[in-house]
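Read-outs: derived from the displayed coordinates by stated rules, not from any lab. Computed from a prediction, not measured in an experiment: that's the story for all the values here. Using ideal geometry, Cβ is built from the backbone for each residue, glycine included, and neighbour counts are taken over all protein chains shown.
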Amino acid sequence: MFGASRLGLAKLVTPKQLFVYGVRRSISTTQHVSDYHKGADRTVSTAFVKRGVAKPKQMKTGLKTVVDMANANERYYHPIPVVGAPTLSKETAKSENVNKILRLDKEFMESIGNDNFPGFLENDFKLFGKPALLYRGLTQRLVSQLYKGGRRASSKAIVLDGKAGIGKSAELLMLASIAASSGHIVIYAPKTISWVNSTRPYAPDANNSGMFVQQDVTAELLSRIYSMSKGALEKVPLGKRVTIGRTTLADDQTLADLVVYGYETPGLAQTALDQLLEIASTQTVVPVLIAVDDINTFWTDTLYRSQDDEVLPAHRLRLVDSLGGFFDRKRRLAKGLVIGATSHVDYRFMPKSVKDKLDPPLMVPLTNRELAKDQNLVRPSTKKPYGIVKLKHMDSGEAWGLLCFYRATNLIATKVTREFVAKKWMMASGNPREIFSNITSFA
Amino acid sequence: MLHLLGVNLPDRKIVLVALTYFYGIGPQTARKVCSQLSIHKECKMNELSETKVNQLSSILSNMTLENDLKRKISANVHHLREIGTYVGKRHAMGMPVHGQHTLNNSKTAKKLNRRWLRKYSTSSRLAPVFGILQSPLSNKQD
């Protein structure tokens, strides 16, 4: 250690002992720097503001930071530019607007609620500033199907299927928005995974043994139906005396009164919904749109358990059973359209049986005539009660429209050219979600 | 904090997890209790209504938990010791009971296995008075 002879000590000394004898030693670099910057508080950022912190000293994991634009450095943070796009409605949902970005109606978005946007769309809308989606060729075909259903009874339900991120939920959202602006009764369920993943309360049905009700979820759905299609509901009279609990609604009252009573009385919400579906499906005054996202959850086991600790299949939930009947052809709409979209996000609700249902095997005709005539022979059924529409990759026009919009909202810094669009399309195989991820990963 | 049958259950805990705070309830039993009462998986203790709490309390009071369960286990081990079984002797010696090797390891057994027979005395005079079992390793014999 330090030379004991210098200090006149008989033995080796430690640095601590040196302080006792007043020997100075050089301070470390860290101590020197911290002393120099003593006045500066570098624990508080001037640009970033953490939100949702209850106690200042407690740090929560996964906390989202938002940029405080008032204090942000102008060199690095630009405000989101206002992009002028027409609002998606009955008037703008035409073939002239295919491959163009259309904004979603503000009232419609408020009626859905902030936490109920399907899939990843909530984050996308925050980046764009205003909720806007690409109006595709498929959207135009679905809109024409919607108007066809508005003139006569719907034949089959439609189920949109495809890879994750291909645009199924976005199509459903746009269709619901157009139907709401066209005066349809819109029954739109954006996230039915929350109905079956045991995150919401449930209770056994007192009137129906073996079934379970989710009154809070049903009341929420009724509230959404009312805010989306208030005008349409007021046009349809009940046509009969409806008794819900101890209250009886007169036959000259409208569906709006029924829905309001339903969501104001959560304990009777399921009964109100059943009455609403029965009357709305048989009337021909106003067309009805039933749009269910994550429809595959209706055909699987839930994460709920019965009172005997058995896993509950989805059809034993009354809410699922009420709407699922329209897809299995047990119930029909007199006027309107029934459409659903699958979700491949949660593998627990996409088992092999559901995948086989959506992709039925090819039925090859039997060459052996004797075997073909055998009545005891069982072959898997390929007939489905609903029509399946497979969403494929975007075409070049759609990709061009999308990337031009990203350029307008400053998500892309470079100029959009044909080569740029082709490159991004190739890298993402035409999947809109992958194009978006590719662009934002280099932002 | 909900105080239920002598145990404090934190309000912000999920019911499925909070029930395991009871001695005698593990994840499986907690799940069965929640299924019986139709409590969903993400329900927290502060979301339970008074009716549900009462139902929960009545179900738990019908189960053997906490001190009752400890007494039952202790009585079982005492019985094994009294009738002179091999298992009883192993409990008394604080050695592994289920045929494990003792050449190495067996540290957990040596630490824990004697805990059900702790109510014994090395004094032979006190044993018949207080009904306390005599340790087999006691040097004082009658």
>> How much length would be gained if the chain were fully extended between residue A:83 and residue A:419, taking 0.36 nm per residue of separation minus their Cα-Cα distance, in nm to one decimal?
In response: 118.5 nm
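What average number of partner chain Cβ atoms lie no more than 10 Å from the Cβ of the residues making up B:40-50?
Mean inter-chain Cβ contacts per residue within 10 Å come to 3.
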> Taking a point 7 angstrom from the Cα of residue B:74 along the C-beta vector, which residues in the range B:1-40 have backbone N less than 16 Å away?
Replying inline: B:23-24
> Once both labels are modelled 7 Å past Cα along the beta-carbon direction, what's the residue A:230-residue A:208 spacing in nm?
Replying inline: 3.0
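Given B:72/B:111; A:126/A:384; A:330/A:355, which pairs have Cα atoms separated by over 31 Å? The partial results should precede the final answer.
On the way: B:72/B:111 21 Å; A:126/A:384 39 Å; A:330/A:355 22 Å.
In this structure, A:126/A:384 exceed 31 Å between Cα atoms.
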>> Please enumerate, by chain and number, the aspartates and glutamates with C-alpha under 19 Å from the C-alpha of residue A:415, excluding those fewer than 8 residues away in the same chain.
In response: A:398
> Put a dot 7 Å past each Cα toward the Cβ at residue A:282 and residue A:301; how far apart are the dots in nm?
Replying inline: 3.8
> Near the amide H of residue A:158, under 5 Å away, which other amide H atoms are found, from residues 5 or more places off or on another chain, if H is placed in the peptide plane?
Replying inline: A:338, A:339, A:340, A:387
> What distance in nm separates the simple spin-label points at residue B:41 and residue A:110, each placed 7 Å from Cα in the Cβ direction?
Replying inline: 3.6
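May I ask you to derive the FRET efficiency for residue A:74 and residue A:347 from their Cβ-Cβ distance with R0 = 51 Å, giving the value to the nearest 0.05? Show your work: numbers first, answer last.
Details: r = 45 Å, r/R0 = 0.88.
Rounded to the nearest 0.05, the efficiency is 0.70.
As a quick test, which of the pairs A:130/A:163; B:13/B:41; A:168/A:335; A:94/A:168 have an alpha carbon distance above 21 angstrom in this structure? Write down the numbers at each step before the final one.
On the way: A:130/A:163 26 Å; B:13/B:41 11 Å; A:168/A:335 23 Å; A:94/A:168 19 Å.
Checking Cα-Cα distances, A:130/A:163; A:168/A:335 exceed 21 Å.
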> If you stretched the chain out fully between residue A:199 and residue A:96, how much longer would it get, using 0.36 nm times the residue separation minus the C-alpha to C-alpha distance?
Replying inline: 32.8 nm
> Between residue A:151 and residue A:251, what length in nm is gained on full extension when 0.36 nm per residue of separation is reduced by their alpha carbon distance?
Replying inline: 33.5 nm
